1. Treat the count of other C-beta atoms within 10 Å as a stand-in for reagent exposure and order Thr148, Thr48, Thr37 from fewest to most.
2. Please arrange Val229, Val364, Val184 by counting, for each residue, the other beta carbons lying within 10 Å of its beta carbon, fewest first.
3. Could you give the dipole magnitude of the stretch 27-221 about its Cα centre, charging the beta-carbon of Lys and Arg +1 and that of Asp and Glu -1, in debye to the nearest 20?
4. Considering the options Phe342, Ile292, Ser273, tell which one lies farthest towards the positive end of the dipole of the stretch 225-369, charges being +1 on Lys and Arg and -1 on Asp and Glu at the Cβ, about the Cα centre.
5. Where a ≥ b ≥ c are the square roots of the eigenvalues of the C-alpha gyration tensor, would you call the stretch 27-221 rounded, which needs a/c under 1.5, or, failing that, prolate if a/b is larger than b/c, or oblate?
6. With charges only on Cβ, +1 for K and R and -1 for D and E, what is the dipole size of the stretch 163-282 about its Cα centre, in debye, rounded to 20?
7. Are there chymotrypsin sites (Phe, Trp or Tyr not before Pro) in the stretch 286-327 that DSSP puts in a loop and that have at most 15 other Cβ atoms within 10 Å, and which ones?
8. Can you tell me which aspartates and glutamates have their Cα less than 15 Å from the Cα of Lys217? Leave out same-chain residues fewer than eight positions away.
Amino acid sequence: MKRIAALVLLLPMLAGCGTQSIYSEYREIDNLELIQTIGIDSDGELVTTTAATGVKKGTEPTVMTTSARTVNQALNEMQGYTSKKYIFFGHTRNFLIGEEAARCDIEQYLEFVEKIADVRLTTNLFIVKGGMAKDLIAEVGNERATVTELLESLEQDLESTSSGKVFTCGEVIERMAFGGCSLVAAIEAAEIEEIVSGANPYTVRAAGFAIITEEGKVEFLDMELSRAVCLLLNMTDSDIIEVANGQGDWVSFRLGQCHTEIKPVFSDTKLESVNIQTDISVSLDESYDTDIQDPEVEAFLQEELARLQLGRIEKVLEFSKQIDEDFLEIGRMIEISEPVKFSKLVGDWKEEFKTVRFDIQVSVDIERN
């Protein structure tokens, strides 16, 4: 009864009344400058941060740039840019890192996101290929479409075409903690060839995947190989595939269900090989004069489709070995499927990965409409 009485006495304090509030930093939404995209650049000494807001009808987004020795200080200095509004980073949707900054100290910027409460781990991460984040943000944002809106549209396009994937800061941090490297969506500013009257001539374009490491190594995969990565990691949704019919014409197929299974083959404590089986189903979109009903023609097209995908997969695996980074996380897959055998490998996985043999099989099924 004494405990209940004490709780009753505390209720007015918990509820808050008059000028009291349990949230001392309460601010009206109209007094907040909501940042949606943050860009990070570095010259090796100073860090340059660029922040972009959303837009209200008839206005352009606010873009602010500051430089300091740390990201936190640079963002803090932005508060002095406006006397009326508090700059709020809790709604940040995108975190852009310029290529040079990623090479300087990618871990530093990921650690910043991991520790600071203002930026969420679910924020999307992008690497700006061959450029600076502040330049991209300045070039593509206008009153019709902000950089944030363009990045949101790009993310949807990547998913619908199976040509890439946008990873969050949390996902990248997790991947790097396990394997020391991670895939990150790469982007670049691109000039629009046919400009609509009054429109901004620049937009954001996907540039495949970037592979980042703790040591500051940054490598890039083009769009073709990025599609193979999506296939290997079962991140495919839909895509268009074109192959020659052997008679001078092209046949267009739409990618349907796809599944890749990666299995290790062990002999005692030795990893003999890694088997990769990819099963693909496609439906015919355009055939022109190609007689798809002819069994020989169908078999030829199946073989061409399989050869195309097999070649892409082989190139991705060769590149992974070439840069000595298991960015597909094959080691993690093996450890999950065979934890005991994986733990008994003679050498560590990084050394094992250099010499492991991949046996790849691709099967294609052409569905009839």
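Please treat every number below as a calculation from the coordinates, not as lab data. What you see is a predicted model, and the numbers here were worked out from it, not measured in a lab. Virtual Cβ from ideal backbone geometry, glycine too; neighbours counted across all protein chains shown.
1. Least crowded to most crowded, the residues run Thr48, Thr148, Thr37.
2. Going from sparsest to densest Cβ surroundings: Val364, Val229, Val184.
3. Dipole size: approximately 520 debye.
4. Final value for the positive-end residue is Phe342.
5. Working: a/c = 1.62, a/b = 1.10, b/c = 1.47.
Verdict is oblate for the stretch 27-221.
6. For this selection, approximately 260 debye.
7. Counting only loop positions with at most 15 other Cβ atoms within 10 Å, the chymotrypsin sites (Phe, Trp or Tyr not before Pro) in the stretch 286-327 are Tyr288.
8. Glu99, Glu100, Asp105, Glu107, Asp324, Glu325, Asp326
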